[in-house]
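Structure, as structure tokens:
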Amino acid sequence: MNKIINKLKQYKEAYVIIMFFVGIVVGIFMFLHQFLIKFDETIDTIKTTQQMALKSVIWNNNVPQGERVSACDIYIKAGYNSLTKKECQHIIDSTEVGIIFN
């Protein structure tokens, strides 16, 4: 009977130790998961901010043409697709015409 009780105590101790380490591993994974979610949100915010900054340069007629063309290059290379992309094509075409006639 004592052997059985001692075996059960050993199993219980082993179970507690195993569950402790499983808890630590799960905790680490949950922390990393939350960190990656925050990281993804930060990247999305940066991309949105970049897109809005580029749009504000592209659509502002007071900005020099060279700056607008440069912003258009970055905007198009980033893969953004909207009415602004059409405006970029118009800016690039008008700049090329200006270079040819100058």
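Quick one: what are the phi-derived ³J(HN,Hα) couplings along the stretch 31-45, Karplus 6.51/-1.76/1.60 with θ = phi - 60°, whole Hz, x for glycine and proline?
4, 5, 4, 5, 4, 5, 5, 5, 5, 4, 5, 5, 4, 4, 5
Anyone know which of ILE74, ILE17, ILE28 comes out most mobile in the 10 Å Cα GNM of the chain?
ILE17
Relative contact order for the stretch 2-101 using alpha-carbon pairs under 8 Å, separation at least 6, rounded to a whole percent?
19
Tell me, in nm to one decimal, what length is gained between THR48 and MET19 on full extension, where the rule is 0.36 nm per residue of separation less the Cα-Cα distance?
Roughly 6.1 nm would be gained on extension.
If you stretched the chain out fully between ASN6 and HIS33, how much longer would it get, using 0.36 nm times the residue separation minus the C-alpha to C-alpha distance?
5.7 nm
Who wins for biggest fluctuation among VAL16, VAL69, VAL26 in a Gaussian network model of the chain, springs between alpha carbons below 10 Å?
The residue with the greatest mean-square fluctuation here is VAL16.
Counting only pairs 8 or more places apart or on different chains, how many lysine pairs in the stretch 2-101 have C-alpha atoms closer than 29 Å?
13
Does anyone have the angle between helix 83-101 and the longest principal axis of the chain? Alpha-carbon axes, 0 to 90°, nearest 10?
Between the helix axis and the principal axis of the chain, the angle is about 40 degrees.
Dividing the convex hull volume of the Cα atoms of the chain by its residue count, what figure in Å³ per residue is obtained?
Per-residue hull volume (Cα only) is 107 Å³.
Would you mind telling me which residue in GLU13, GLU41, GLU87 has the biggest mean-square fluctuation in a Gaussian network model of the chain, where springs connect alpha carbons within a distance under 10 angstrom?
So, out of GLU13, GLU41, GLU87, the one fluctuating most is GLU13.
Between THR95 and GLU67, what is the label-to-label distance in nm when each label sits 7 Å out along the Cα-to-Cβ direction?
1.3
Spelling out what I want: for every residue of the stretch 14-29, take phi, set θ = phi - 60°, compute 6.51 cos²θ - 1.76 cosθ + 1.60 (Karplus), and round to whole Hz; glycine and proline get x.
Using θ = phi - 60°, the values come out as 5, 4, 5, 5, 4, 5, 4, 5, 4, x, 5, 4, 4, x, 5, 5 Hz.
Read-outs throughout are calculated quantities, based only on the coordinates presented, and are distinct from any laboratory measurement. Predicted model only: the values in this text are computed from it and were never measured. Glycine gets a Cβ as well: all are built from the backbone with ideal geometry, and neighbour counts include every protein chain shown.
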